[in-house]
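The values are calculated or read from the model by the stated rules, or taken from the named source; none is laboratory data. All of these numbers come straight from a predicted model, not from anything done at the bench. Here the Cβ positions follow ideal geometry from the backbone for every residue, glycine too, while neighbour counts run over all protein chains shown.
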Amino acid sequence: MASEIGSEQATRVSSFNGIDVYRIDTQKFKTSGIHFFFQDNLSRQSVTKNALLPAVMRRGSVSYPTLRDISMRLERLYGASFDCGVVKKGERHVVHFYTEFLSQRYIPDGTDSFASAFELLFDIITRPAFENSRFVESSLAQEKDNLRMLIESRVNDKMQYSVDRCLEETCSNEPFALFEYGVAEDIDSISSQELTNHYRNMIETYPLQVYLIGSITDEQVNMVTQALSTIARGNMKKMGNGYLEKHNYEPKNVTETMDITQGKLCLGFRTNTAPDEQTFPALMMYNSILGGGVHSKLFQNVREKASLAYYSYSRLEKFKGLMVISSGIEMGNKDKTLEIIMKQMDEMKKGNISDYEMETAAKSMETGLKSLTDSQISIVDFHLSQSISGTQDSFSDIIEKIKRVKRNEIIEVADKILHDTVYFLTAPAASRKENAQ
């Protein structure tokens, strides 16, 4: 298995005009993929337009002017897929377009699947279906409504909502506090012409990374780079990483009420360990031992022994230097749960970490990393994340680094972690009283 993991390498094959082209050769899949990532710095001025843009662009292009035309073309390509959207990585806002399609060697009639899929994707990205030289008003109106509903519906998933809100409070007054799909109250003011201008700004000034994955030939790479060289580009935006250290900071408490039956206790922390530091694998081990699965201290002590939580876990936001602990609890158990969580963190600072916890955490992360290689999009996302964090590790590199982590290195990163925020999502007092009766 190690040799398979080591083979999913991303090689940069071309770099020009703020465009980097990467090639990932793998024979593991019957499909190949083409991914475009336009990167922007998170800001209130652009976040909502960035989120709206791919939703409007996916509705048609010059050669495929309607959703039906795009769907029919994908169907003729043996059921190829196309999708687009936005994701937040640290304080970078990434606009993603991609297609996945059957590799050439599995096509019986000799259709050039790569060229056909790239032509479709490139047409959607570089030749949107305009009306009077701008995005179609009716399409924009529909996608505005869809985006507004998406933003407003985030409260429906209380677990994810509470984590997001905790991190937003942890990073209040920082760009990272922005929701990746934007701000609902900014949607109405975006006109067709303004979004068209924003589209041209993205095409001309956003750094672009293109990943080709699967059974890729040199001829296909050359075809892609030649097509990319025809895109009119200007001065590229300079990207920040958003990583921030904090020290000597008193935790703040934020309580939000909602009509719920289960409380959500989330704690935000500054790790003060950047993703490109040599000690970052130790932070990964720390997180896994603390709250990375059923083997973790949080699961065993908060959920199993104390029976205080329906779930309790921790996770890292490595680009920004954050860690969040999330627990679903009875609303009257906030203080007890907080006490036990902080005790587990204190135990790790003292080095009370067993060999079993070390071994189980390393094995759990190895299994998780290996599972990522079963998905093309996960492989591509892994390498994009490596690029953004300024590292060049492969899957096998990270696994080996994790296995070499020592207990004293975990204690070292534990000492740097700063508690920033306590966020509690609970029911109004009257509702809590009714539930208790």
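Worth a mention:
- Among the residues making up the range 308-360, none is surrounded by 15 or more Cβ atoms within 10 Å (Cβ to Cβ), at positive phi and in contact with a helix residue (DSSP H, G or I) (Cβ under 6 Å, 6 or more places away or on another chain).
- In the range 97-115, the residues that are in contact with a Leu (Cβ under 9 Å, 6 or more places away or on another chain) and within 25 Å of Pro207 (Cα to Cα): Phe97, Tyr98, Thr99, Phe114
- Of all residues in the range 215-263 being part of a loop (DSSP other than H, G, I, E, B) and among the β-branched types (Val, Ile, Thr), the one that is surrounded by the fewest Cβ atoms within 10 Å (Cβ to Cβ): Thr230
- Criterion applied to Phe122, Phe101 was being under 17 Å from Tyr64 (Cβ atoms) and not in a helix (DSSP H, G or I), and the one residue passing it is Phe101.
- Number of residues in the range 361-381 that are without any contact (Cβ under 8 Å) to a residue 24 or more places away in the chain, surrounded by 14 or more Cβ atoms within 10 Å (Cβ to Cβ) and under 21 Å from Tyr286 (Cα atoms) equals 2.
- Selection status of Gly263, in contact (Cβ under 8 Å) with a residue 40 or more places away in the chain and within 23 Å of the chain's Cα centre (by Cα): no
- Of all residue pairs spaced 6 or more apart or on separate chains, those with beta-carbon atoms under 7 Å, a first member in the range 286-310 that is under 14 Å from Glu339 (Cα atoms) and a second member that is in a loop (DSSP other than H, G, I, E, B) are Val302/Leu308.
- Residue match in the range 403-423 (condition: aromatic (Phe, Trp, Tyr) and either over 26 Å from Arg92 (Cβ atoms) or touching a Phe, Trp or Tyr at 6+ places or on another chain (Cβ under 7 Å) (or both)): no
- Odd one out for Val294 among (1) of a type outside the set (D, E, K, R); (2) part of a helix (DSSP H, G or I); (3) at pLDDT below 95: (2)
- Set side by side, the residues Arg23, Arg59 differ, and just one is closer than 20 Å to Gln209 by Cβ and charged (D, E, K, R), which is Arg23.
- Filter result (assigned to a loop (DSSP other than H, G, I, E, B) and closer than 21 Å to Gln142 by Cα) within the range 39-74: Ser46, Arg58, Arg59, Gly60, Val62, Tyr64, Pro65, Thr66
- Scanning the range 125-146 for residues that are outside any helix (DSSP H, G or I) and polar (S, T, N, Q), we see that the one that is farthest from Leu102 (Cα to Cα) is Asn132.
- Of the residues screened, Gly332 is one that is in contact with a Lys or Arg (Cβ under 8 Å, 6 or more places away or on another chain), among the small types (Gly, Ala, Ser) and part of a helix (DSSP H, G or I).
- Scanning the range 161-190 for residues that are closer than 17 Å to Lys49 by Cα and assigned to a helix (DSSP H, G or I) turns up Pro175, Phe176, Ala177, Ala184, Glu185, Asp186.
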